[in-house]
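The values are calculated or read from the model by the stated rules, or taken from the named source; none is laboratory data. Quick caveat, the model's predicted, so the values are computed rather than measured. Counting neighbours? That spans all protein chains shown, and the Cβs are built from the backbone with ideal geometry, glycine included.
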Amino acid sequence: MTALAQPQHTPQYSGSLFIVSAPSGAGKSSLVKALLAEVQGIGLSISNTTRNARPGEVDGKDYHFISQPEFEAIRDQDGFLEWAHVHGNYYGTSRAWVEGQMAIDRDVLLEIDWQGAEQVVRKVDNVVSIFILPPSMEELEKRLRGRGTDSEDVILKRMGAAQLEIEQARRFDYVILNDDFTQALLELKSIVFASRCRFNQQMARHGAQLKSIGL
Ligand code: GDP
Ligand code: ADP
Ligand code: 5GP
């Protein structure tokens with residue numbers, strides 16, 4: 001399997017675009033939520049979706065919940081940076097929001113599936129892709145059931161898609177095995193901090209200071 005493709009153009013952007021993907025139930029949203037509570041200076045893109053809200057999900061916070069005709073209208077006006085059909089629903093990332101954040105050099109995190117990751121990596125420079133894996137298929141099913149938000153139908157559909165999704169992990173820059181949550185969170189934070197320390201990112205943020213010491 002080939003690595004995710006390299007970008008075909010290079011926007012001027014000194015922040016980083018982080019992509020976090022995982023099979024449903026691996027713990028992606030829980031890890032991202034904990035990351036954002038602890039790390040400053042990184043914004044989460046709220047995706048648009050045609051799926052129904054789960055109990056407890058809030059429109060505009062977890063997702064923008066929209067109808068299929070609304071989704072198609074935005075898509076046809078090229079309003080999505082990427083979009084995909086996942087587990088029977090449409091999901092898309094708002095181009096305007098992400099490009100607005102990039103224009104002010106903010107780090108951005110996208111919680112999207114592997115098909116969307118592939119599209120973004122082709123379009124944007126400085127993408128850091130991270131794949132979250134469950135420790136076992138049994139534990140994945142246990143977490144999906146334990147979450148208590150999905151019907152039996154939906155759980156079976158998601159377990160059915162999990163193997164193909166897991167195979168995509170080899171195409172990502174980083175892989176986190178989410179067995180112990182605290183360890184997985186530490187690894188996710190470490191990836192963000194290490195990415196910020198890349199030479200080009202440091203030059204973009206601290207250029208004057210680095211120049212003043214002779215770089
Ligand atoms: P906030 O965005 O208002 O919360 O302010 P922060 O100071 O937390 O972050 C501003 C921007 O700088 C964000 O895009 C951070 O990701 C980025 N940033 C923070 N520290 C560093 C660093 O050491 N190196 C690099 N390259 N970027 C950083
Ligand atoms: P995803 O966003 O990948 O679909 P969630 O973040 O909703 O997954 O997590 C699925 C369920 O598994 C949630 O109930 C969550 O609390 C639980 N969970 C996440 N990580 C762990 C872990 N390391 N150990 C045990 N349970 C976990
Ligand atoms: P869920 O319905 O569990 O919230 O998400 C199902 C799947 O859709 C997950 O793999 C999630 O990453 C993916 N997803 C969520 N938002 C987007 C998006 O904007 N674009 C793409 N391509 N996938 C998304």
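For this structure, a couple of remarks:
- There is no residue in segment 204-213 that is buried (at least 19 other Cβ atoms within 10 Å of the Cβ), modelled with pLDDT of 95 or more and either at positive phi or of a type in the set (A, V, I, L, M, F, W, C) (or both).
- Of all residues in segment 123-147 being among the acidic types (D, E) and more than 16 Å from ligand 3 (Cβ to nearest atom), the one that is surrounded by the fewest Cβ atoms within 10 Å (Cβ to Cβ): E138
- At least 2 residues being more than 14 Å from the chain's Cα centre (by Cα) and modelled with pLDDT of 95 or more is the threshold, and among the helices (runs of 4 or more DSSP H) wholly inside segment 106-174 those reaching it are 137-147, 152-167.
- Exactly one residue out of I46, I19 is outside any helix (DSSP H, G or I), crowded, with 17+ Cβ neighbours inside 10 Å and under 15 Å from the mean Cα position of the chain (by Cα), and it is I19.
- Odd one out for G79, checked against (1) small (G, A, S); (2) farther than 20 Å from A22 by Cα; (3) loosely packed, with under 15 Cβ neighbours inside 10 Å: (3)
- Those residues of segment 153-198 which are touching a Gly at 6+ places or on another chain (Cβ under 9 Å) and either of a type in the set (D, E, K, R) or within 16 Å of ligand 1 (Cβ to nearest atom) (or both), in sequence order: K157, R158, R196
- Residue-level analysis places A184 among those that are within 16 Å of ligand 2 (Cβ to nearest atom), in contact with a Leu (Cβ under 7 Å, 6 or more places away or on another chain) and of a type in the set (G, A, S).
- Out of G60, G56, G41, G25, sole residue that is at pLDDT below 95, within 28 Å of K189 (Cα to Cα) and either surrounded by 12 or more Cβ atoms within 10 Å (Cβ to Cβ) or within 20 Å of the chain's Cα centre (by Cα) (or both): G41
- Count of residues meeting criterion [buried (at least 17 other Cβ atoms within 10 Å of the Cβ) and part of a helix (DSSP H, G or I)] in segment 175-186: 2
So that you can scan it fast, the table gives a plain yes or no per residue for (1) free of Cβ contacts under 8 Å to residues at least 60 places away in the same chain; (2) within 16 Å of ligand 2 (Cβ to nearest atom):
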site: V58; (1), (2): yes, yes
site: K61; (1), (2): yes, yes
site: D76; (1), (2): yes, no
site: G79; (1), (2): yes, no
site: Q101; (1), (2): no, no
site: E138; (1), (2): yes, yes
site: R143; (1), (2): no, yes
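- Among the residues making up segment 32-55, those that are within 12 Å of ligand 3 (Cβ to nearest atom) and either hydroxyl-bearing (S, T, Y) or touching a residue at least 60 places away in the same chain (Cβ under 8 Å) (or both) are V32, L44, S45, S47, T49, T50, R54.
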